[in-house]
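First up is the structure itself, then whatever we jot down about it.
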Amino acid sequence: MREFPDRPIVGVGAVVLNTAGQVLLVKRAHEPLKGEWSLPGGGVEIGETLEAALRRELFEETGLTIEVGPVVEVLDRIEYAPDGRVAYHFVIIDYVCHVADDRFVCGSDAEDVRWVSADGLDAHQVRENAIAVIRKAIEMSRAT
């Protein structure tokens, strides 16, 4: 149960970069963040490694096969209901990821998928914490 959970849910996120230096964004088809542009990813299933969960989630959302790189950031995403209860609580581990073939499909968990330059993030109303993770991932990728 993701809404009003008994404990935090572990999630993974991918800052997928293509050879042109663009980042992959998905427009969420489901809550939380329904209708918002964000990084692809999702919840880790029981018995699944973080890397396996990331590969599965990316494939389900975009049809892409990724190369998983280092961890960029570990963060909490907590959203409260109007009555003050915790509606959602995720602990998210974001990774830098790369693709050799950047042709995607829009999967069932996404309304839309697109490659966006770092300068185009504001136009997609990406949340500030995601923008910070993206910028950090881009810098990490340049350093290697």
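Here are the criteria: (1) in contact with a strand residue (DSSP E or B) (Cβ under 7 Å, 6 or more places away or on another chain); (2) exposed (fewer than 14 other Cβ atoms within 10 Å of the Cβ); (3) over 16 Å from residue 24 (Cα atoms); (4) not basic (Lys, Arg). Tell me which single one residue 91 does not satisfy.
Checking residue 91 against (1) in contact with a strand residue (DSSP E or B) (Cβ under 7 Å, 6 or more places away or on another chain); (2) exposed (fewer than 14 other Cβ atoms within 10 Å of the Cβ); (3) over 16 Å from residue 24 (Cα atoms); (4) not basic (Lys, Arg), the one that fails is (2).
Return the pairs, sorted by first residue and then second, in which the second residue is surrounded by 16 or more Cβ atoms within 10 Å (Cβ to Cβ) and of a type in the set (Asp, Glu), the first residue lies in region 104-133 and is in contact (Cβ under 8 Å) with a residue 24 or more places away in the chain and within 15 Å of residue 28 (Cβ to Cβ), the beta carbons are less than 6 Å apart, and the residues are 6+ apart or on different chains.
107/61; 109/61; 110/61
Return yes or no: is residue 75 touching a Gly at 6+ places or on another chain (Cβ under 8 Å), of a type outside the set (S, T, N, Q) and surrounded by 12 or more Cβ atoms within 10 Å (Cβ to Cβ)?
Taking the combined requirement at face value, the residue does not satisfy it.
Any idea which of (1) surrounded by 15 or more Cβ atoms within 10 Å (Cβ to Cβ); (2) within 16 Å of the chain's Cα centre (by Cα) is the one residue 102 doesn't satisfy?
Condition (2) is where residue 102 drops out.
Against the definition (within 17 Å of residue 32 (Cβ to Cβ), in a helix (DSSP H, G or I) and either touching an Asp or Glu at 6+ places or on another chain (Cβ under 6 Å) or modelled with pLDDT of 95 or more (or both)), how does residue 51 come out, yes or no?
Here the answer is no, as residue 51 does not meet what is asked.
Could you run through region 1-18 and say how many residues are surrounded by fewer than 11 Cβ atoms within 10 Å (Cβ to Cβ) and either at pLDDT 95 or above or in contact with a His (Cβ under 9 Å, 6 or more places away or on another chain) (or both)?
Qualifying residue count, region 1-18: 1.
Is at least one residue of region 1-12 part of a loop (DSSP other than H, G, I, E, B) and touching a Pro at 6+ places or on another chain (Cβ under 9 Å)? Talk me through it step by step, then tell me what you get.
The initial filter retains those residues of region 1-12 that are part of a loop (DSSP other than H, G, I, E, B), namely 1-8.
Next cut, touching a Pro at 6+ places or on another chain (Cβ under 9 Å) only: 2-3.
Yes: one or more hits.
Note down all Cβ pairs under 9 Å where the first residue falls in region 1-21 and is more than 13 Å from residue 78 (Cα to Cα), the second is loosely packed, with under 12 Cβ neighbours inside 10 Å and of a type in the set (A, V, I, L, M, F, W, C), and they're at least six residues apart or on different chains.
Close Cβ pairs satisfying both conditions: 19/100.
Restricting to region 33-89, name every residue that is of a type in the set (A, V, I, L, M, F, W, C) and over 15 Å from the mean Cα position of the chain (by Cα). Reasoning before the result, please.
Initial filter on region 33-89 (of a type in the set (A, V, I, L, M, F, W, C)): 33, 37, 39, 44, 46, 50, 52-54, 58-59, 64, 66, 68, 71-72, 74-75, 78, 81, 86-87.
46, 78, 81, 86, 87, listed by residue number.
Could you tell me whether residue 53 is touching a Pro at 6+ places or on another chain (Cβ under 6 Å) and within 23 Å of residue 141 (Cα to Cα)?
In short, no.
From the list 141, 117, exactly one residue is of a type in the set (S, T, N, Q) and surrounded by 14 or more Cβ atoms within 10 Å (Cβ to Cβ). Which is it?
Result of the check over 141, 117: 141.
The values are calculated or read from the model by the stated rules, or taken from the named source; none is laboratory data. This structure is a prediction, so every number in the text was calculated from the model and none was measured. Quick reminder, even Gly has a Cβ in these numbers, built from the backbone with ideal geometry, and neighbours come from all protein chains shown.
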